[in-house]
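Reviewing the structure listed below.
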Amino acid sequence: MSNSKLVTYTNLTSKHYGERKVKGVTIHCYVGQVTAKQGVDYLTNTPRQASANYVVGRDGSIGLCVEEKYGAFTSSSKKNDYTDGMVTIEVACNPKYPYDITRQAYDALISLVTDICKRNKINKLVWSNNKSDRVNKTNGCNMSMHRDFAATACPG
């Protein structure tokens, strides 16, 4: 298993669950208009047990914090991050509702998700408006968001 060649900055942390098979994607909102370097460095250096596989910066930069083969501490759910094999991506956004992201961040996110799916042979991503499908990965659903697992406004 490899990591994305789209990465522009790497600072790896040991805060992860260990190896797993990649099966889908969980997109988070990194509340703050940071660059990938700023986001990754924060997650790597904070004493909190928090991490993510990737951080997409406001400028379209992409950072690697936890190698894709490992389940990062992102969703407040070991099942989602590790057992269910979700690659977690934090995307820089405005700090208040509606948590807007820049065009550069959006374009980089789409490129990164496409790359993850191609390399991991995920033929399609399936979203459900039903939280139970997202949490339990039923009815083909292989996407989720942070607020599925924690009391947060993170829109995913």
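Since every read-out is calculated from the coordinates, none of them should be taken as a lab result. On a predicted model such as this, the values are computed, not experimentally measured, just so you know. Every residue, glycine as well, gets a Cβ built from its backbone with ideal geometry; the counts of neighbours run over all protein chains shown.
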Once residue 67 and residue 127 are pulled to full extension, the length gained, defined as 0.36 nm per residue separation minus their Cα-Cα distance, is 19.2 nm
From phi via Karplus (6.51, -1.76, 1.60), per-residue ³J(HN,Hα) for the range 106-119 in Hz, x at Gly/Pro: 4, 4, 5, 4, 4, 5, 5, 4, 4, 4, 4, 5, 4, 5
So which lysines can residue 15 reach, going by Cα to Cα under 28 Å and dropping same-chain residues fewer than 8 places off? 5, 23, 37, 69, 78, 79, 96, 118, 121, 131, 137
Please list log₁₀ I(q)/I(0) at q = 0.27 Å⁻¹ for the range 95-156, using the Debye equation with identical point scatterers on the alpha-carbon positions. -1.13
If you take the charge dipole of the chain about its Cα centre, with +1 on Lys and Arg Cβ and -1 on Asp and Glu Cβ, which of 36, 92, 17 is farthest toward its positive end? 17
Give me the distance in nm between label points sitting 7 Å out from Cα along the Cα-to-Cβ direction at residue 111 and residue 97, one decimal. 3.3
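What is the packing order of peptides 140-147, 68-75, 119-126, taking the mean over residues of other C-beta atoms within 10 Å and listing the highest first? Please list the in-between numbers first.
Values: 140-147: 20.0, 68-75: 23.9, 119-126: 12.9.
The packing order, highest mean first, is 68-75, 140-147, 119-126.
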Scan [x] 15.0; [y] 15.5; [z] 18.3 for the value of Kirkwood radius over Cα pairs in Å calculated from this model and give just the label. [x]
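So what is the orientation-averaged projected area of the range 16-103, using the convex hull of its C-alpha atoms, in nm²? Could the numbers behind the result be given before it?
Details: hull surface 21.3 nm².
Result: 5.3 nm².
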On the formula 1/(1 + (r/R0)^6), with r taken between the Cβ atoms of residue 12 and residue 78 and R0 of 22 Å, the FRET efficiency rounded to 0.05 is 0.65
